[in-house]
Structures are given as C-alpha cells and as structure tokens.
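The values are calculated or read from the model by the stated rules, or taken from the named source; none is laboratory data. Not measured: the values here are computed from a predicted model. Neighbour counts are summed over all protein chains in view; Cβ atoms, including those assigned to glycine, are modelled from backbone coordinates with ideal geometry. SASA here: full protein model, heavy atoms, side chains in, ligands and nucleic acids out. Shrake-Rupley method; radii C 1.70, N 1.55, O 1.52, S 1.80 Å.
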Amino acid sequence: MQKNKNTMIIPTLILGFIAIGLLIFGHKNGVHIQGLKNGFTMTIQILPLLFFSFIIAGMIQVLVSPDALLKWIGPESGVKGIFLGTITGAITPGGPFVSLPIVAGFIHSGAGIGTTVAFITSWSLWAIMRLPLEIGILGWEFTIVRLVSSAILPIIAGFIARFFFSWVTII
C-alpha cells in the first residue's frame, strides 16, 4: 500500500534547513553549544519512546492478519472502524513520537482514512492519559466542559474523512 518509500525526504530537508539556520543564528548569539546539548539530551530522552513505538508499529503489521485488520479498521469497516479508531486514539498514551508510528503501522496494514483521522483526532482531543494533569492544572469544571464540547468531534472528523476523502491514498 506504500506509494512512495521516500516520503520523509522533504520533511527531513525542511527540518535540516531550519536546524542549520537556527545553529547559524545561535552561533552569532553564542548559544549554539547549549542548544546542541539541549537537543542531544532530548534525543536521549525520546529514543526509548521511538524505539518501542516503532516496534509496536512493525508488530501490528505482522501480527494482526490483514483480513482481521481490514475487517476492523479497513476502508470498508464503516462506523465500527471509526468508533474503534476513536476509542483507540483516546487511550493511546504518549506524544506524537508514540502515536504517529502506531498510526503509520495501521496505515501500512490497510486502515481506512476515516478510522485513521478518527484515531488522530481522538488522540489529540481526548488523550485520557493527559486528563489527570489537565484536571490538576485547569480544574474539573474546565476539563469536563472541554471533553463534552469535543466529545463528538473525532467521530465527525472520521466520517468527513471517510465520505469526502476516501479517494485519498494514504502513505
């Protein structure tokens, strides 16, 4: 299903140019070494997350039979796939370094665009693992209002993607 194995080249080049530009700017201000140290520290902190999330993405592709995956989250899974994507996105822990490789694994295995959009929208809006922090900082009332206000959005986004963009080939 992969249409282009070099899909990372342009984003990598863009980030490379931005990084080089910031290094040049930081060098002029004398903070480039500290910036490189900070970047290295973040890389060391994120590497375990990346490692395990890529293992999960790869294992999804080989452990779950294509027929079962297509039945549950494929383009023809319909409402079931969108709801499953919504629930799975809501309970997926971690940041984009965890969830996006998992989504890529789903896509490479044949997930539908509606399911995928519902997953990412739900992960972005609901993030159940983030709720304790949100409640602690913003309070119960605000968190409840935000959840109620956004409760239906992942499902709507999934249906919009499925009905209006099913022609789009993902990855």
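At least 1 residues that are among the aromatic types (Phe, Trp, Tyr) and farther than 23 Å from Pro101 by Cα in each: list the helices (runs of 4 or more DSSP H) lying fully within the range 122-171 that qualify.
Answer list for the range 122-171: 140-150, 153-164.
Scan Ala111, Ala57 and give me the residue that is part of a loop (DSSP other than H, G, I, E, B), closer than 24 Å to Ile128 by Cα and open to solvent by less than 20 Å² (accessible area, probe 1.4 Å). Walk me through how you get there before you give the answer.
Details: Ala57 fails: part of a loop (DSSP other than H, G, I, E, B).
Of the residues listed, the single one that is part of a loop (DSSP other than H, G, I, E, B), closer than 24 Å to Ile128 by Cα and open to solvent by less than 20 Å² (accessible area, probe 1.4 Å) is Ala111.
Looking at the range 76-86, which of its residues are over 30 Å from Gln45 (Cα atoms) and either of a type in the set (A, V, I, L, M, F, W, C) or open to solvent by less than 60 Å² (accessible area, probe 1.4 Å) (or both)? First the steps, then the outcome.
Applying the first criterion (over 30 Å from Gln45 (Cα atoms)) to the range 76-86 yields 76-84.
Answer for the range 76-86, where residues must be over 30 Å from Gln45 (Cα atoms) and either of a type in the set (A, V, I, L, M, F, W, C) or open to solvent by less than 60 Å² (accessible area, probe 1.4 Å) (or both): Ser77, Gly78, Val79, Gly81, Ile82, Phe83, Leu84.
Mind checking which pairs have a first residue in the range 105-134 that is closer than 16 Å to Val148 by Cα and a second that is at pLDDT 90 or above and not in a helix (DSSP H, G or I), Cβ under 9 Å, 6 or more apart or different chains?
Leu125/Ala151; Trp126/Ala151
Within the range 137-171, track down each residue that is more than 20 Å from Lys71 (Cβ to Cβ), open to solvent by less than 70 Å² (accessible area, probe 1.4 Å) and at pLDDT 90 or above.
Passing the criteria: Gly139, Thr143, Arg146, Leu147, Ser150, Ala151, Pro154, Ala157.
Give Gly89, Gly94 a once-over and let me know the one that is within 18 Å of the chain's Cα centre (by Cα), surrounded by fewer than 21 Cβ atoms within 10 Å (Cβ to Cβ), within 26 Å of Phe51 (Cβ to Cβ) and of a type in the set (Gly, Ala, Ser). Outline the logic, then answer.
On the way: Gly89 fails: surrounded by fewer than 21 Cβ atoms within 10 Å (Cβ to Cβ).
Matching residue, one of Gly89, Gly94: Gly94.
Suppose the filter is surrounded by fewer than 19 Cβ atoms within 10 Å (Cβ to Cβ) and at pLDDT below 90; does Pro101 pass it? Working first, answer last.
Working: surrounded by fewer than 19 Cβ atoms within 10 Å (Cβ to Cβ): no; at pLDDT below 90: yes.
The answer is no for Pro101.
If you go through the range 24-39 one residue at a time, do you hit one that is modelled with pLDDT of 80 or more, outside any helix (DSSP H, G or I) and open to solvent by 30 Å² or more (accessible area, probe 1.4 Å)? Break it down stepwise before answering.
Taking the range 24-39 first, the residues modelled with pLDDT of 80 or more are 24-39.
From what's left, outside any helix (DSSP H, G or I): 30-31.
If we keep only those that are open to solvent by 30 Å² or more (accessible area, probe 1.4 Å) as well, we get 30-31.
Yes.
Determine whether Phe52 is at pLDDT 80 or above, surrounded by 11 or more Cβ atoms within 10 Å (Cβ to Cβ), aromatic (Phe, Trp, Tyr) and within 23 Å of Ile128 (Cβ to Cβ). Steps first, answer last, please.
Details: at pLDDT 80 or above: yes; surrounded by 11 or more Cβ atoms within 10 Å (Cβ to Cβ): yes; aromatic (Phe, Trp, Tyr): yes; within 23 Å of Ile128 (Cβ to Cβ): yes.
Against the criterion (at pLDDT 80 or above, surrounded by 11 or more Cβ atoms within 10 Å (Cβ to Cβ), aromatic (Phe, Trp, Tyr) and within 23 Å of Ile128 (Cβ to Cβ)), Phe52 qualifies.
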